[in-house]
Amino acid sequence: MDGYQALTAFIESARKELNGSDAGHRDFCLDAVSDVLETGRLTQDDAERAVERLVTVALSDEGYQVRESALHAVCTASTYYKLPYRVVEPLAVGADGFEPLLLEYVLGVLGSTHDRAALPIIERFLQHPRSDVRREAADAVRELHWSREPSRGETV
């Protein structure tokens, strides 16, 4: 088994562990997945599959710590991989349900997609009561404007 196969096997093992009942263990697995994503050595497809699972965990009824670890891993992935909006779109749909700190992660991830389809979601939070959320929303808007990539269905 080469290094890449070992990484993907580890990700798959962690996915199975996430179905366990111990929240502390799931949190530890999510931190390990984040570490693997940070290597930048997964293929784009493998990274997207991992992020899709992380998004599911972030939107689950799990405790705050587990959801925060999942979102941290998604943010890590967005640093090393170009995540398409479609992969993180469920976070946009569920954005209103996140606590302020978790919402900051979500806004950062949406901005990192460079897809203008995220703009209406992000702009809603420019008027959030918390200044840290407003600041993250403003950063995400700047990142989207800076990238100047068309959204899905938009032509150049």
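What is the local net charge at F125, summed over the other residues whose Cβ is closer than 12 Å to its Cβ (Lys, Arg +1; Asp, Glu -1)?
Working: positive: R124, R130, R134, R135; negative: D96, E104, E123, D132, E136, D139.
With Lys, Arg at +1 and Asp, Glu at -1, the net is -2.
What FRET efficiency do you get for R134 and Q65 if R0 is 22 Å and r is their Cβ-Cβ distance, rounded to the nearest 0.05? Each step should come with its number before you reach the end.
Values: r = 25 Å, r/R0 = 1.14.
With R0 = 22 Å, the Cβ-Cβ based efficiency is 0.30.
Multiply the residue separation of Q44 and K82 by 0.36 nm, subtract the distance between their alpha-carbon atoms, and state the gained length in nm to one decimal.
The span from Q44 to K82 would gain 12.9 nm if fully extended.
Might you report the magnitude of the Cβ-based charge dipole of the range 64-129 about its Cα centre, with Lys and Arg at +1 and Asp and Glu at -1, to the nearest 20 debye?
Using Cβ point charges on Lys, Arg, Asp and Glu, the range 64-129 gives about 200 debye.
Since every read-out is calculated from the coordinates, none of them should be taken as a lab result. As the structure is a computational prediction, the values presented were derived from the model and not from experiment. As a convention, Cβ positions derive from the backbone with ideal geometry for all residues, glycine included, and neighbour counts pool all protein chains shown.
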